[in-house]
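Okay, structure first, notes after.
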Amino acid sequence: MATDSRQSPENRRGARQGRSPSASPVRRYLDYQRRVAVDAARRLWRTPVATAMTWTVMGIALALPVALLLLLGSVQGVSAGWEDSARITAYLEMHVPVEQAQSLADDIEADGRVTSVVVINREQALADFRESSGLQDVLGFLEDNPLPHTFLITPEEGARSAEGVASLVTFVEGMEDIERVQVDLGWLQRLNAITDILTRSAWALAVLLAAAVVLVIGNTVRLAIENRRDEILVAKLVGGTDAFVRRPFLYTGTWFGLGGGLVAWLLIQLTFWWISGPIERLAGLYNSEFSLNGPGVEGALVLIVVAMVLGWLGAWLAVKRHMDDIESGDIAGG
Amino acid sequence: MIEFRQVTKRYDSDHTALRQVSFQLERGELAFLTGHSGAGKSTLLKLLMVMERPTAGDVVVGGQHLNRLPKRQIPYIRRHIGVVFQNHQLLFDRTVFDNVAMPLEVMGVSPTDIGRRVRAALDKVGLLKKEKMNPMQLSGGEQQRVGIARAVVNKPPVLLADEPTGNLDPDLSADIMHLFTQFSQVGVTVLIASHDVALINAMDRRQLTLEQGRLIAGGHSGH
């Protein structure tokens, strides 16, 4: 790895002061690793178009599932926020006068599981409805106000779980003069179910595309092995170990991974930047705090490291599969 | 240094390349391996390079029983055996220097040591001035000498050559043989497979003669 050369200064000095330039075997080994890594990078550099294409293929394959997962993560963050502000709506019976409603509200508010109860007067409700629905004329035909008094009950934080809310609903339903209790968590549960399905699909997609990345790198490295067949033969003949012969290709795969990871990160950043405007507008229309969360520094690092591991793995498979085919048996003719 | 004990190599039921071959080469000995093509010369060399394993018998190099060698040990044995090929097996995507450096590269020798030893080997074969050239630019004789430099750059105790003068004219062949003689004088065991009868007779060295897989002459020391 490139970092191998950046070892501690003591080590470096030690090697210089040694009697022979090759005093420290550890340093020699690291130097050698660095040379192989740099050489592998140079080889990629020499075929810039092919390399860029491999990087792009890998970048797209990685960016797709990662962007999806990030998007779904953001959606889940939002629904979690809404779940927290779950409210119970209780409709009173029509005949209940406003004073009685107020005392009932005080009773409910006294319950430990309730933070606050807002009473919406039926007159007020009608006025609001008239204003917001644009149905003034139609409503004018009504003799009576069809709306009951309404309570908006906000549960205590501890009671905001599904069971907590359910028990609170039973409690309120059991009270006198309450006509109907509604908790509109259904759509939220549906949203959660959908994001769960999508998240799992995204993971399945991620696994499939990761496998595709491994295969693409494997195939690319296989071609590299074919191109250097003679060199591998000679290296084996003069006593190169399997590890020696494999190493350059493993570095090649790792570099492919690094480039692919960077391309994927770039694509994700670009896409998120591209769609963040419309998403903010949409969120604004819903009065939501929703915002897209990018991968961040940590996420970007994980993405790149995973990409490098996948590249290495692809190279390893190719090497494992094809290197043994190249045996020196056919070299000595006659 | 090299010892064959009753070595038989059978490829399949109807093709036996070597039959009960026994001989011994001492340190610093130079010998020729002769015989018609198909007599088993290549097979014998492949057994020494551990490209093949004997069907029966023992191949011993430097005290190591090659047929008992685990696969992952093979590279380390090959570092003790320099090989010169008829078609030299040079890589044309790199310089003469880098070709000769390969055996040292695989051993993880430091770049400074590699420089020193590669130049010493090239000097030995008289190609020091051509280290930066591509082997493609060299003549056949020069290419063969690069191959020899590569075979001896890590000072192996054993040097094998498969038809090293196959494509060369007599003067160049004599040069190459002279090089081999020099190596044997410093203690390298040299075995040269060749069917260049004139050259072999001129050298007047021990000859191991194979015929249809049997060693028919030279099996015992002295000639």
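Every number here is computed from the coordinates shown, using simple stated rules; none is lab data. Nothing here was measured: the structure is a model prediction, and the numbers come from that model. Positions of Cβ are generated from backbone atoms using ideal geometry, with glycine treated the same way; all protein chains shown enter the neighbour counts.
Some notes on this structure:
- Here segment B:92-149 is assigned +1 on the Cβ of each Lys and Arg and -1 on the Cβ of each Asp and Glu. Its dipole about the Cα centre then comes out at about 200 debye.
- Assuming charge only on the beta carbon of Lys and Arg (+1) and of Asp and Glu (-1), the dipole of chain A about its Cα centre is about 4320 debye to the nearest 20.
- Stokes-Einstein diffusion of segment B:44-197 at 4 °C, 1.567 mPa s viscosity, Kirkwood radius from Cα pairs, rounded to a whole number: 81 µm²/s.
- Options A:171, A:252, A:277, ranked by Cα towards positive dipole end of segment A:157-281, top entry (Cβ charges): A:252
- Cα→Cβ-extended label distance, 7 Å offset, between residue A:204 and residue B:71, nm: 3.9 nm
- In this structure, the amide hydrogen of residue B:211, modeled 1.01 Å from its nitrogen in the peptide plane, lies closer than 5 angstrom to those of B:216, counting only residues at least 5 positions away or on a different chain.
- Computed label-point distance, nm, for sites residue A:189 and residue B:55 using a 7 Å Cα→Cβ extension: 7.8 nm
- Chain A: calculated mean residue ellipticity at 222 nm from DSSP helix runs of at least 4, using -39500 (n - 2.57): -24000 deg cm²/dmol
- Karplus 3J(HN,Hα) series, Hz, for segment B:114-126 with 6.51 cos²θ - 1.76 cosθ + 1.60 (x for Gly, Pro): 4, x, 5, 6, 5, 5, 4, 5, 5, 4, 4, 8, x
- Pairs of lysine residues in the protein assembly as shown - Cα separation under 19 Å, sequence separation of 8 or more or cross-chain: 11
- Crossing angle, helix B:170-185 versus chain B [Cα axis fit, 0-90 degrees, rounded to tens]: 80 degrees
- DSSP bridge pairs, the protein assembly as shown: antiparallel proportion in percent, nearest 5: 65 percent
- Peptide packing for A:108-115, A:227-234, A:66-73, A:140-147 was compared via the average number of neighbouring C-beta atoms within 10 Å per residue; ordered from the highest value, the list is A:66-73, A:227-234, A:108-115, A:140-147.
- In range of the label at residue A:226: residues from segment A:250-292 whose backbone nitrogen is under 19 Å from the point 7 Å along Cα→Cβ: A:250, A:252-253
- Backbone amide hydrogens, once placed in the peptide plane, bring residue A:114 within less than 5 Å of A:156, excluding anything fewer than 5 places away on its chain.
- Selected from A:218, A:51, B:183, residue furthest toward positive end of dipole (the protein assembly as shown; charges at beta carbon): B:183
- Near the amide H of residue B:206, within less than 5 Å, lie the amide hydrogens of B:32, all on another chain or at least 5 residues away, with H placed in the peptide plane.
- Distance from the Cα centroid of segment B:1-73 to that of segment A:120-136 is 104 Å (rounded to whole angstrom).
- The distance linking segment A:221-235 with segment B:118-139 is 24 Å (Cα centroid to Cα centroid, whole angstrom).
- With the charge dipole of the protein assembly as shown set up from +1 on Lys and Arg Cβ and -1 on Asp and Glu Cβ about the Cα centre, the Cα lying farthest toward the positive end among the listed residues B:160, A:322, B:115 is that of B:160.
- Integer Hz, Karplus 6.51/-1.76/1.60 couplings in order for segment B:33-39, x for Gly and Pro: 10, 10, x, 5, 5, x, 7
- Charged-residue dipole, Cβ positions (Lys, Arg, Asp, Glu), the protein assembly as shown about Cα centre, Debye nearest 20: 5660 debye
- Listed by Cβ neighbour count within 10 Å, with the fewest neighbours leading, B:65, A:322, A:95 appear as A:95, B:65, A:322.
- Figure legend: label point modelled 7 angstrom from the Cα of residue B:6 along Cα→Cβ; residues of segment B:34-60 with amide N under 11 Å from it are B:56-58.
- Using 0.36 nm per residue and subtracting the Cα-Cα separation, the extra length available between residue A:293 and residue A:166 on full extension is 42.5 nm.
- Based on alpha carbons, the Rg and Dmax found for chain A are 33.3, 112 Å.
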